[in-house]
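The values are calculated or read from the model by the stated rules, or taken from the named source; none is laboratory data. Since the structure is predicted, the reported quantities are computational estimates derived from the model, not experimental observations. A quick note on method: Cβ atoms are made from the backbone with ideal geometry, for glycine too, and the neighbour counts reach across all protein chains shown.
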4 protein chains.
Amino acid sequence: MGATGYSGQELTRLLLRHPRLETPVLLQRDNDTRSSGDLARFAPSFSGNSGYPMQPLDWSELKRQQVELLFLATPHEASRTLVPEAIAHGMRVVDLSGAWRLKQAQHRAIYQFEDKDAAIADGLTELAVYGLPELHRESIATAVLVANPGCYATSIILGLAPLLSAGLVDERRGVISDSKSGVSGAGKDATPRTHFVSVADNLSAYAVFNHRHTGEIAEQLDLDSSCLIFTPHLLPIPRGILSTIYVHLKSPMSVQDVGAYFRSFYDGKPWVRVFTSPNLPEIQFSLHTNYCDLGFCLDKDGQRLVLVSCLDNLLKGAAGQAVQNMNLMYGWCEKEGLN
Amino acid sequence: MGATGYSGQELTRLLLRHPRLETPVLLQRDNDTRSSGDLARFAPSFSGNSGYPMQPLDWSELKRQQVELLFLATPHEASRTLVPEAIAHGMRVVDLSGAWRLKQAQHRAIYQFEDKDAAIADGLTELAVYGLPELHRESIATAVLVANPGCYATSIILGLAPLLSAGLVDERRGVISDSKSGVSGAGKDATPRTHFVSVADNLSAYAVFNHRHTGEIAEQLDLDSSCLIFTPHLLPIPRGILSTIYVHLKSPMSVQDVGAYFRSFYDGKPWVRVFTSPNLPEIQFSLHTNYCDLGFCLDKDGQRLVLVSCLDNLLKGAAGQAVQNMNLMYGWCEKEGLN
Amino acid sequence: MGATGYSGQELTRLLLRHPRLETPVLLQRDNDTRSSGDLARFAPSFSGNSGYPMQPLDWSELKRQQVELLFLATPHEASRTLVPEAIAHGMRVVDLSGAWRLKQAQHRAIYQFEDKDAAIADGLTELAVYGLPELHRESIATAVLVANPGCYATSIILGLAPLLSAGLVDERRGVISDSKSGVSGAGKDATPRTHFVSVADNLSAYAVFNHRHTGEIAEQLDLDSSCLIFTPHLLPIPRGILSTIYVHLKSPMSVQDVGAYFRSFYDGKPWVRVFTSPNLPEIQFSLHTNYCDLGFCLDKDGQRLVLVSCLDNLLKGAAGQAVQNMNLMYGWCEKEGLN
Amino acid sequence: MGATGYSGQELTRLLLRHPRLETPVLLQRDNDTRSSGDLARFAPSFSGNSGYPMQPLDWSELKRQQVELLFLATPHEASRTLVPEAIAHGMRVVDLSGAWRLKQAQHRAIYQFEDKDAAIADGLTELAVYGLPELHRESIATAVLVANPGCYATSIILGLAPLLSAGLVDERRGVISDSKSGVSGAGKDATPRTHFVSVADNLSAYAVFNHRHTGEIAEQLDLDSSCLIFTPHLLPIPRGILSTIYVHLKSPMSVQDVGAYFRSFYDGKPWVRVFTSPNLPEIQFSLHTNYCDLGFCLDKDGQRLVLVSCLDNLLKGAAGQAVQNMNLMYGWCEKEGLN
């Protein structure tokens, strides 16, 4: 559900050509006239072939069609409502919104969820697995509800996890992520902020000290929020994220040692590529792929470290990661359908 | 009035630094909460200095402020209403909309004007001078109402006028303008069509056989509509227009002769630059200037001619031309305030 | 050979995931230090995995590796030299350059080929099949040498073929293609013309009456060159082509009839999508796909027709079409490896 | 000299319309065939009018033409050679390169200057005034040699100066500038790095821990290099810089107090605009102006501060600042010729 949005379109594209799947069922959003009819109406790149009709949500119809897994590429409000229903109907869910990513109430506050049944919501919050395969492969495999991570959060968590988990970073000196994202990350709504003339030939910072993904990052990395600064910027490109991350190591290290920590952490994890310092990834390199690309530069003092993390916000930052999670949930190879 | 729009902002910028003018009075649009307060609220590039407050429209206040000339950078519906009032209050008007550009009812139909007083509207239609200085310098000088030309129309008319007026073009073989415009030409409204992700990495044709500027072009060039095809396209750039124009000459000519017609036609007209064939103008060359740049290539048969005409849609295509018209209306040098 | 160029990179990507193929052999270009080592050196998006080494050209080694089909994504000069050798060694070839596309000497003149052995070159010219599957499916299937069409030419020929082949177009009134291409079409060489600052916020026409693809178009459509005007423009986008094509029909037709000709012509041809008038394709719709998208608008006189043809210059305009040709040469489904 | 480069073109434009100046003399660079002839050859936007011929460098001819002030928009190697000559001939110089900006040898090392006469070079180094009017207005007024600041450096120094000079920043906790620049900052040379396809739809970090402007910033702000991290990025836009700057205040402050420090520091300095928190400047706001725009967000702890500084790299970051310096050198209003 949600195939008309940017992430939903990418997801549909991936599911349509996934070798393990039959043709996916596309669901229109309730009471949303924007999503009735054929997908090609909303996304003309889906023109041709036999068409991609979207059907109204009907749980018994879905059961009849033997749908086992529901992908939600819907706003978080919709996901808060739909996930309890879906799970009550015996489905597993991969939710691409922010609705179920956060365990800690302090971080969840920013979303101002209005749940019909708080107890059920709490239960699902407990149940939900944060769908970052590089950190939670095992629990994803058996999860009923996978909360697909935010695009910014994915880029930052994957960049920081190797060194933070090894206890090498002096967190009290601050962890800063200066992140830049293409406009598709801001969604499909036409606003003054997304008008071509407002974005082209421009760059702007926004939501400083105030972005929803901050909680995810802190929670997943077990970081005190007071140590983390995350500044998102809007880039004049359609898609792609680059996070430039600044940390201070507890003790001086060599470039080789830092690189070794990264390589060892991501050994056997096919969707993260570690660049050899001082080579750094660029947004283009991972565009239209499911890779998260990591690189770093270390100051000659051996302590000041600049990390660069890049990914395609619609793939590793959304739809691609959702498919990667599905692969794990079904015991398939993590790369299937993503090449 | 209309300083918050793209053309209005450019016009304000030009008027603020025009050496012959005092500080212009900015008027907010009636009942339009979007245009109350300081201009910087809507266009942050106007931040700083002492501010640019917009005042409500009040004819007697304008009289008190000794305002003689009103620029309207408003939608054509607003201009149809405001122009009769302004002229009744003794002002001269330069209207940047399409409200008063067309003399022939057949071309005007597409606008579906709803005039309160048809007789007054007809009188003003008669009175209005099409504000293309290169064609109508004398009548602009004394005009009460100048209808500032459309951006596409300016680029096409200036490209075609030298050869058409000399009777050199075989009109029955067709006159085609394949025109491409930056997004500011589509206005400031946030729509799916102006969303960054819809425009970036894209090009699209629109309003084929159906664009409002077709009438202006036909009328000014005295062309039968059935001889003219005008196809606009939306370019992934903020501003600028390039028209590629195809005509067939009645008899074979040399490159030198064609060039001579252009040069002679625009002699003494400072805001048109004629490039020496086969050099062609590009959008960048006239960006942020009031120039219309013209160039051409002639096939070796001496009859098939490709013209290229470029201008900045917000300057020579709108605000710059409006200032050029004002200069003529006041007997000043045409270049004043436009360098 | 030629994997480091833009078309070559796309081709490599397609061949790597084609379900019928083993890992392709990448060949470095002779004496070209730019192409030694691993492909990731030149195209960092190929980083990771086990690497993509490029090997020197050695015909006996290729025989040993049981290579049957050679793709050349090289400049036309290189292709003129390499194709005779490859065919002498018993290989079939798909050549993406302009080296073997033209049968008529008048059109070939613009390339100024310097062949070592004119007789062999003439023979291969005779032998070569123009690799546009929608026109030459049968002869491609058995071809030894496929001359993969130019990107502009593909967009224009596919747009015009249905009506021209049915004799519906009044050719003497002229056939005009106003075409616009992304910058990857200009190749990877860093020149003042491809500098970001020269291209961004710009549009320019070039090679008016003088582009190499004109011959292909005329030859394939059996058009007298004097009836055809083809004007290419450089768009500020990385990839994609849109051709706006102007023709005059011999007799008035209805929109339905014109549409029917298109649909019938492309029936069973999976890589052309015909849009229902007045819907028109845009560059985005076919980007990153192998589709050529066609649409049209007909004037109310029933004779003046504006066609719009879009494709991705690196896919349907180059690498995708090359794979489509390979599929035909091996009797596989035309769509294989291209979804 | 150097009118063909990006900064040089902007400078020429400004000087041509500066109300206090006669027509500037354009000098071609020695032995540089690229810079002979008319400026329009290299920058077609200068077409038309009576032309802008560039003359060879001849000191006696310049004396005859009563040239008093020389602007150098040349590479730093050329400036190292030319400045001693110009000053020996009694001229004042504004040098836009990095040749004379640094007093401290440790920072200068990165340039690897090869001076013919070290003593003269040392003398000029001593003599040179860093041309940042907001910091050095008085010494610029009487300077013989003004070293016009780097574009990145201007954005960062102006952002940091108010708080650093007041001793409010805890420097030991690090000062980080994550800066992003348009491509014109990388110069006019066509390289793989500046190819449109390499830059568009991309973002990349470069010269991490290693950019030449680091020395300027440290020197002007009296910062220990070990406290400063400066990471430049290449944006897919032609011009404009945004620096996101991270500092930690020694003691908690209120938003109002921080704002007051900025406003007071820039009181009477017309080319810096301070935005009211939490409003932040964007690149577009200062594009095509000589403004440096500053804004900030303060965390609720009152100590973590994110500054945003924007400017047009070709104006306040180069040519505009050069004109501002000239205005001071001649005792004219700082704003003259820059509106």
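Could you check how many residues of region A:154-195 are among the hydrophobic types (A, V, I, L, M, F, W, C) and within 20 Å of residue A:317 (Cα to Cα)? Number satisfying all stated conditions: 8.
Residue C:103 meets the conditions (1) surrounded by 15 or more Cβ atoms within 10 Å (Cβ to Cβ); (2) on the phi < 0 side of the Ramachandran plot; (3) out of contact with any Leu (no Cβ under 8 Å at 6 or more places or on another chain); (4) without any contact (Cβ under 8 Å) to a residue 24 or more places away in the chain in every case but one. The failed one is (4). Scoring residue C:80 on the criteria (1) touching a Ser or Thr at 6+ places or on another chain (Cβ under 7 Å); (2) assigned to a helix (DSSP H, G or I); (3) farther than 27 Å from residue A:282 by Cα leaves a single failure, condition (1). Taking the stated definitions as given, is residue B:215 within 14 Å of another protein chain (Cβ to nearest Cβ) and part of a helix (DSSP H, G or I)? The answer is no for residue B:215. The helices (runs of 4 or more DSSP H) found wholly in region C:88-165 and carrying at least 3 residues that are assigned by TED's automatic domain parsing to the domain that holds residue C:273 occupy C:151-165. Quick one: in region C:231-258, which of the residues that are under 26 Å from the mean Cα position of the chain (by Cα) and among the hydroxyl-bearing types (Ser, Thr, Tyr) is farthest from residue D:236 (Cα to Cα)? Applying the filter and picking the extreme gives C:246.
Which is free of Cβ contacts under 8 Å to residues at least 12 places away in the same chain, more than 14 Å from chain B (Cβ to nearest Cβ) and within 14 Å of residue C:159 (Cα to Cα), of C:263, C:273?
Going through C:263, C:273 in turn, just one is free of Cβ contacts under 8 Å to residues at least 12 places away in the same chain, more than 14 Å from chain B (Cβ to nearest Cβ) and within 14 Å of residue C:159 (Cα to Cα): C:263.
Restricting attention to region D:182-200, the residues that are buried (at least 23 other Cβ atoms within 10 Å of the Cβ) and in a loop (DSSP other than H, G, I, E, B) total 2. Somewhere in region B:226-237, is a residue among the small types (Gly, Ala, Ser) and either more than 7 Å from chain C (Cβ to nearest Cβ) or assigned to a loop (DSSP other than H, G, I, E, B) (or both)? Scanning region B:226-237 turns up no residue that is among the small types (Gly, Ala, Ser) and either more than 7 Å from chain C (Cβ to nearest Cβ) or assigned to a loop (DSSP other than H, G, I, E, B) (or both). Scanning region D:185-207 for residues that are at the interface with chain A (Cβ under 10 Å from one of its Cβ atoms), in contact (Cβ under 8 Å) with a residue 24 or more places away in the chain, touching a strand residue (DSSP E or B) at 6+ places or on another chain (Cβ under 9 Å) and of a type outside the set (A, V, I, L, M, F, W, C) turns up D:202, D:204, D:206. Helices (runs of 4 or more DSSP H) fully within region D:242-339 that include at least 2 residues being modelled with pLDDT of 95 or more, buried (at least 23 other Cβ atoms within 10 Å of the Cβ) and assigned by TED's automatic domain parsing to the domain that holds residue D:13: D:319-329.
If a residue must be under 20 Å from residue D:204 (Cβ atoms) and away from chain D (no Cβ under 13 Å), how many such residues does region A:276-303 contain? So the answer is 4. Against the condition in contact (Cβ under 8 Å) with a residue 12 or more places away in the chain and more than 10 Å from chain D (Cβ to nearest Cβ), how does residue A:177 come out, does it pass? So residue A:177 does not fit the description; no.
A residue that is under 21 Å from residue B:230 (Cα atoms) and buried (at least 20 other Cβ atoms within 10 Å of the Cβ) occurs somewhere in region C:206-220.
Among the residues making up region C:28-39, those that are part of a helix (DSSP H, G or I), modelled with pLDDT under 90 and within 26 Å of the chain's Cα centre (by Cα) are C:34, C:35.
In the condition set (1) touching a strand residue (DSSP E or B) at 6+ places or on another chain (Cβ under 9 Å); (2) more than 29 Å from residue C:311 (Cα to Cα), residue B:182 is compliant with all but (2). Criterion first (modelled with pLDDT under 90, surrounded by fewer than 22 Cβ atoms within 10 Å (Cβ to Cβ) and of a type in the set (Gly, Ala, Ser)) does residue C:90 satisfy it? It is false that residue C:90 is modelled with pLDDT under 90, surrounded by fewer than 22 Cβ atoms within 10 Å (Cβ to Cβ) and of a type in the set (Gly, Ala, Ser).
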